[in-house]
Amino acid sequence: GGGGEGTKGGGGVEGGISGRPGAAAATPTHHLLTPLAADLLRREEIIMSTHNVIHTNVAVCSSLGPPYASQMRFLFLDLLTVYGRYSQLVSQAVASATDPSVVARSSSVKGMRGVKKMALRLIETFVEKTDDCTTLATQYVPALMDPILGDYARSVPDARDPEVLSLFSSVVTKLKDLAQPHVPLIFEAVFESTLQMITRNFEDYPEHRLQFFALLHAIVESCFPCMYALSAPQLKLVINSVIWAFRHTERNIAETGLQLLLLLLVNFAKSPAVTQFHVEYHLNLLREILAVMSDSFHKPGFKLHAEILHHLFTIVDQNIINQPLWDITERGPDAYPSNGAFLRDHVGSLLRLSFPNLTQQQVLACVTGMFELKDFPAFKQHLRDFLIQTKQFASQDNAELFAGEVEKQVQQVQQQQAAAAAAAIAGGGGGAGGAGGG
């Protein structure tokens with residue numbers, strides 16, 4: 001800590017250790033930066049001591065908070081160098097193996113990756129604790145781009161650390177709009193490479209899957225203007241990844257995808273890009289949500305399905321989208337008097353295809369209710385009644401479709417109990433015992 005204080009007001013990140021006479025001797029990681037580092041780095045005692053030094057710094061950073069900035073300036077470049085050297089060794093070991101997954105679990109590689117993970121944890125802790133977002137955005141984050149993001153993109157899948165995704169989630173959450181210049185580079189480095197890993201099946205790389213959607217959520221929630229700057233293929237990749245998530249058989253992944261989609265829709269509704277977005281994606285999203293809603297396996301997501309559909313119908317009803325949603329090259333610009341008229345026709349066709357057992361009158365009643373019930377509870381009840389009519393749900397236990405109402409009732413009972421307990425306590429001595437008994 002003392003050495004760090006001496007650097008206060010120094011040359012910033014660029015100065016690093018090598019920029020100050022005598023700093024090298026005070027730096028715990030400096031012995032790893034000699035020409036013999038490649039041999040030293042593989043030694044178990046070096047791996048352990050480096051891990052411990054960085055771990056100690058994590059604890060100090062967590063405790064000190066913003067004043068840790070002087071120490072981070074002191075060791076930042078060495079930290080990135082150590083990270084880069086271990087990245088090379090891990091990637092070489094994994095890439096040259098007959099079975100990369102076995103090598104990735106070996107004690108040697110796990111030890112080296114442990115150092116990398118601890119370095120990422122230190123940087124993430126610093127990001128969360130710093131109060132100087134300008135320096136973070138202009139000096140630290142650009143310095144992370146190649147050593148950490150670039151390394152992630154270049155590494156083979158089994159050598160990629162999900163903590164990289166977590167770090168950049170924290171960066172975006174911390175910097176908010178200041179993260180805008182960096183988001184396209186983050187997309188380029190991690191999106192396609194990670195999607196290829198997690199969409200191969202529903203089981204591999206669960207931690208990457210979790211952190212990938214956390215990063216996407218951070219970008220949409222904290223730095224939404226970045227979405228306008230994405231190229232058309234990048235935005236399509238985002239939408240496809242969200243669709244993939246809410247189709248997922250694992251409940252928490254499906255719920256994350258639905259929450260993310262709702263957040264995207266709400267933010268785009270307030271943006272100048274609302275028409276462009278909906279012309280491109282409205283019909284596809286509508287079809288996909290109707291498909292998962294009508295799949296009894298996805299019953300737990302019903303409330304979010306209903307919220308998303310309610311939004312998609314409401315935004316059309318309010319005439320916010322000022323271009324036709326139908327294909328004007330095929331049907332012409334005057335095929336329908338409004339997007340609302342087109343969508344009623346379109347949704348009716350989708351429902352007739354999905355539920356051939358329903359009569360024309362049942363489908364028409366469903367579509368009419370979807371468009372005319374503006375109140376969300378009534379809209380949701382209407383959807384639930386419709387689903388229970390269908391063969392897919394008719395013979396099943398549909399308790400999960402009522403989960404929202406049950407949760408609300410439980411909350412009301414808890415509030416009533418809390419109010420009764422508070423009243424009993426306020427009433428005098430015997431009340432506390434009575435409340436405890438309840």
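The values are calculated or read from the model by the stated rules, or taken from the named source; none is laboratory data. Note that the coordinates shown come from a computational prediction; the quantities given were computed from them, not determined experimentally. In this analysis, Cβ positions are derived from the backbone assuming ideal geometry, glycine residues included, and neighbour counts consider all displayed protein chains.
Given the criteria crowded, with 17+ Cβ neighbours inside 10 Å and farther than 24 Å from Glu255 by Cα, does Ser169 qualify?
No; evaluated as a whole, the condition is false for this residue.
Just the residues that are in contact with an Asp or Glu (Cβ under 8 Å, 6 or more places away or on another chain) and assigned to a helix (DSSP H, G or I), please, taken from region 237-257.
Answer for region 237-257, where residues must be in contact with an Asp or Glu (Cβ under 8 Å, 6 or more places away or on another chain) and assigned to a helix (DSSP H, G or I): Leu237, Ile243, Phe246.
Could you list, in sequence order, the residues of region 66-101 that are hydrophobic (A, V, I, L, M, F, W, C) and closer than 15 Å to Val156 by Cα?
Leu89, Val90, Ala93, Val94, Ala95, Ala97
Residue by residue through region 118-160, note down the ones that are over 22 Å from Glu207 (Cα atoms) and in contact with a Leu (Cβ under 8 Å, 6 or more places away or on another chain).
Those that are over 22 Å from Glu207 (Cα atoms) and in contact with a Leu (Cβ under 8 Å, 6 or more places away or on another chain): Lys129, Thr130, Cys133, Thr134, Leu136, Ala137, Val141, Ala143.
Scan region 182-207 residue by residue and report those that are farther than 15 Å from Val242 by Cα and of a type in the set (Val, Ile, Thr).
Within region 182-207, Val183, Ile186, Val190 meet the criteria.
Applying the selection to region 188-231, what residues are assigned to a helix (DSSP H, G or I), out of contact with any helix residue (DSSP H, G or I) (no Cβ under 8 Å at 6 or more places or on another chain) and under 27 Å from Gln276 (Cα atoms)?
Hit for region 188-231 is Tyr228, nothing else.
In region 43-52, what residues are loosely packed, with under 15 Cβ neighbours inside 10 Å and touching a Ser or Thr at 6+ places or on another chain (Cβ under 9 Å)?
Glu44
Of the conditions (1) surrounded by 15 or more Cβ atoms within 10 Å (Cβ to Cβ); (2) modelled with pLDDT under 95; (3) touching a Leu at 6+ places or on another chain (Cβ under 8 Å), Glu163 fails just one. Which one is it?
The one condition Glu163 does not meet is (2).
Quick test of your reading of the structure: Phe402 fulfils all but one of (1) touching a Phe, Trp or Tyr at 6+ places or on another chain (Cβ under 8 Å); (2) at pLDDT below 75. Name the failing condition by number.
So Phe402 meets the others, but not (1).
Output yes when any residue across region 115-138 is surrounded by fewer than 18 Cβ atoms within 10 Å (Cβ to Cβ) and touching a Cys at 6+ places or on another chain (Cβ under 8 Å), and no when none is.
No; the residues of region 115-138 include none that is surrounded by fewer than 18 Cβ atoms within 10 Å (Cβ to Cβ) and touching a Cys at 6+ places or on another chain (Cβ under 8 Å).
Consider Val156 carefully, then state whether it is among the β-branched types (Val, Ile, Thr) and either under 20 Å from Ala69 (Cα atoms) or at pLDDT 95 or above (or both).
The answer is no for Val156.
From Ser354, Ser349, grab the single residue that is at pLDDT below 90, under 30 Å from Gln323 (Cβ atoms) and not β-branched (Val, Ile, Thr).
On inspection, the qualifying residue turns out to be Ser354.
Among the residues of region 193-239 satisfying the criterion of being of a type in the set (S, T, N, Q), surrounded by fewer than 21 Cβ atoms within 10 Å (Cβ to Cβ) and touching a residue at least 40 places away in the same chain (Cβ under 8 Å), which is nearest to Ala153 (Cα to Cα)?
Ser193
Could you run through region 157-187 and say how many residues are closer than 25 Å to Ala104 by Cα, of a type outside the set (Val, Ile, Thr) and assigned to a helix (DSSP H, G or I)?
Result for region 157-187: 10.
Using the structure shown, decide if Tyr83 is touching a residue at least 24 places away in the same chain (Cβ under 8 Å), farther than 19 Å from Ser70 by Cβ and assigned to a helix (DSSP H, G or I).
When the stated conditions are applied, Tyr83 passes them.
Kindly list, by first and then second residue, each pair from a residue in region 133-149 that is outside any helix (DSSP H, G or I) to a residue that is of a type outside the set (D, E, K, R), limited to pairs with Cβ atoms under 7 Å and residues at least 6 apart or on different chains.
none
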